[in-house]
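Here is the structure we will look at, set down as structure tokens.
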Amino acid sequence: MVNLFRLKVVFYKTETGNEPVREWLQALTREEKKVIGEDIKTIQFGWPLGMPLIRKLENDLWEIRSHLKNRIARVLFTIIDDHMILLHGFIKKSQKTPKQDIQLARKRIQDMRSQ
């Protein structure tokens, strides 16, 4: 049986119209963008997925775990209806996902719900 369900990928947008994850991605190398893009596409067409590609951080918040050549990238996202909303992207520098990154993603979810 073929899975015809597909998530729509959306970048979180600030009140001023900025898209922080898109801007972060644009600053990466072509190869890094390709790896992260392929990971997002895998999730888009294969949701729901789990480890090692995705880890649930808390209710309504997951991280994409992308392994780049010399470093590790994370993209935090939420799912609302059939939309995968990319909330925050960063290069991971510690073992645990930093609290401030999770808090920023949480704040962005709240901002979206209050609009």
What shape does region 1-50 have by the C-alpha gyration tensor, where a ≥ b ≥ c are the square roots of the eigenvalues, rounded means a/c under 1.5, and otherwise prolate means a/b greater than b/c and oblate the rest?
-> oblate
Average silhouette area of the chain, convex hull of alpha-carbon atoms, in square nanometres = 7.8
DSSP-assigned coil residues among trypsin sites (Lys or Arg not before Pro) in region 21-89, each with at most 16 further Cβ atoms within 10 Å = LYS69, ARG71
How big is the accessible area of MET51 in square angstrom, nearest 10, if you roll a 1.4 angstrom probe over the protein chains?
-> 120
With r defined as the distance between the Cβ atoms of HIS67 and GLU19 and R0 fixed at 30 Å, what FRET efficiency is calculated, to the nearest 0.05?
-> 0.80
Computed for region 1-68: size of charge dipole around the Cα centre, +1 on C-beta of each Lys and Arg, -1 on C-beta of each Asp and Glu, debye to nearest 20, value 260
For LYS41 and VAL9, extending 7 Å from Cα along the Cα-Cβ vector and measuring point to point gives, in nm, a value of 0.8
Dipole magnitude of the chain about its Cα centre, charges +1 at Lys/Arg Cβ and -1 at Asp/Glu Cβ only, in debye to the nearest 20?
-> 400
Between GLN103 and ASP60, what is the label-to-label distance in nm when each label sits 7 Å out along the Cα-to-Cβ direction?
-> 1.9
How much length, in nm to one decimal, is gained on full extension between ALA27 and LYS93, taken as 0.36 nm per residue of separation minus their Cα-Cα distance?
-> 22.0 nm
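The values are calculated or read from the model by the stated rules, or taken from the named source; none is laboratory data. Not measured: the values here are computed from a predicted model. Here Cβ is always computed from backbone atoms with ideal geometry, including for glycine, and neighbour counts include all displayed protein chains. Just so you know, the surface numbers come from the protein's heavy atoms only, side chains and all, with ligands and any DNA or RNA stripped out. Shrake-Rupley method; radii C 1.70, N 1.55, O 1.52, S 1.80 Å.
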